[in-house]
Amino acid sequence: MGDLRCRIMYILGGTSAKTIATHLGKRLQLPLLQTTYKRFPDDEFYVRLHDTIAGQDVLIVQTAYPDQRIVELFLMQDAVHDAGAKSISVILPYFGYSRQDKKFEAGEAISARAIAQHISMNADCVITVDPHKDHVLNFFSVPAYSCSAVSTIAQYLKEKNIDFVLAPDKGAKERAKEAAALINCEYDYLEKTRIDGFTVKITPKKLDARGKHVAIIDDIISTGTTMAQSIKELKKQGAKSVSVACTHGLFVGGAKEKLKDAECDEIISTDTIETEYSKVSAAECIAETLLKTVPQLKN
Ligand code: R5P
């Protein structure tokens, strides 16, 4: 396949990234490919492209989560490759499996690497949004880039008059710092210890949150445990309102109920995973990265 940094002419939007694909099409003035997607009676997926794309460049947009969507992505890549596309750029708004980015115990699969290797088979480049750890980009055998939705989230929070930003753990501190700088307010972070997939311990710490409208910002809300515990701590310390914001809203394992029980004032997520909380789009940061990395899209 050709060098990624060449042309992009068509967008192929998958079932898990319809909104972002549409936004990108409008923003970059690129046409969306016509497709048939369906499932057989046994639930296996079917992809058919209706346009002629031999010799053309294609941008595939598909969130790699949950498992079914990953298989869909592989089939989309196969169809585009088989149709003779000159280059395939894969946009993964959310890179599923990327949190298992190393062996924590002997004998484990490095899931991020396994998925990345398979995606790389029919790709010239990959772009993903706010990966949990940047080093997962190295698992792709083609050039891989990341972009951040933090400024888009911060813009939304600014309009909501947020005056304090909190990271629920040290790992999210830089994200909170960046958002706070854009909002022009203070930030801090909490100390979190993860016990298991469903349990975390938040160590109480004196915060300057009394009477403030606080936003807690993280890359992922999964079971909502981290956010729910952080909200409780902030409310105990006199915060006037507490909103939670993330790039990737998985909302599994009773997350919505946990956040409601913790009296969360607002839940905000991007559309890397489309939910009722997708109030801002990650499309702009993806578009900016494409404009920087693809020469013919540069102004
Ligand atoms: C982990 O370090 C991530 O940044 C998130 O804090 C984590 O995925 C949130 O998980 P949960 O919502 O299950 O507490």
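Screening Lys206, Lys258, Lys279 for residues that are within 13 Å of the ligand (Cβ to nearest atom), touching a residue at least 24 places away in the same chain (Cβ under 8 Å), open to solvent by 30 Å² or more (accessible area, probe 1.4 Å) and of a type in the set (D, E, K, R) leaves exactly one candidate, Lys258. Annotation: of all residues in the range 47-83 being within 25 Å of the chain's Cα centre (by Cα) and of a type in the set (Ser, Thr, Tyr), the one that is least open to solvent (accessible area, probe 1.4 Å) is Thr63. Checked across the range 235-245, the condition of being touching a residue at least 12 places away in the same chain (Cβ under 8 Å), within 10 Å of the ligand (Cβ to nearest atom), open to solvent by less than 10 Å² (accessible area, probe 1.4 Å) and assigned by TED's automatic domain parsing to the domain that holds Tyr187 holds for at least one residue. Would a scan of the range 219-231 turn up a residue that is closer than 16 Å to Ile162 by Cβ, in contact with a Gly (Cβ under 6 Å, 6 or more places away or on another chain) and more than 8 Å from the ligand (Cβ to nearest atom)? Among the residues of the range 219-231, not one is closer than 16 Å to Ile162 by Cβ, in contact with a Gly (Cβ under 6 Å, 6 or more places away or on another chain) and more than 8 Å from the ligand (Cβ to nearest atom), which makes the answer no. Residues that are open to solvent by less than 10 Å² (accessible area, probe 1.4 Å) and among the hydrophobic types (A, V, I, L, M, F, W, C) within the range 215-229 comprise Ala215, Ile216, Ile217, Ile221, Met227, Ala228, listed in sequence order. When you look at Thr193, is it buried (at least 21 other Cβ atoms within 10 Å of the Cβ), within 15 Å of the ligand (Cβ to nearest atom) and in a strand (DSSP E or B), yes or no? So Thr193 does not fit the description; no. Only one of the listed residues (Ser146, Ser87, Ser111, Ser98) is within 16 Å of the ligand (Cβ to nearest atom) and out of contact with any helix residue (DSSP H, G or I) (no Cβ under 9 Å at 6 or more places or on another chain). That residue is Ser111.
Inspect the range 155-170 for any residue being under 15 Å from Ala282 (Cβ atoms) and in the same structural domain as Gly197 (by TED's automatic domain parsing) and give the result as yes or no. The answer is yes; a qualifying residue exists. Taken together, the residues in the range 32-46 that are open to solvent by less than 90 Å² (accessible area, probe 1.4 Å) and part of a strand (DSSP E or B) amount to 7.
The values are calculated or read from the model by the stated rules, or taken from the named source; none is laboratory data. Remember, it's a predicted structure, so these values are computed and weren't measured experimentally. So basically every Cβ, Gly included, is an ideal-geometry build from the backbone, and we count neighbours across all protein chains shown. Accessible surface is based on the protein model in full, side chains and every heavy atom, while ligands, DNA and RNA are left aside. Shrake-Rupley method; radii C 1.70, N 1.55, O 1.52, S 1.80 Å.
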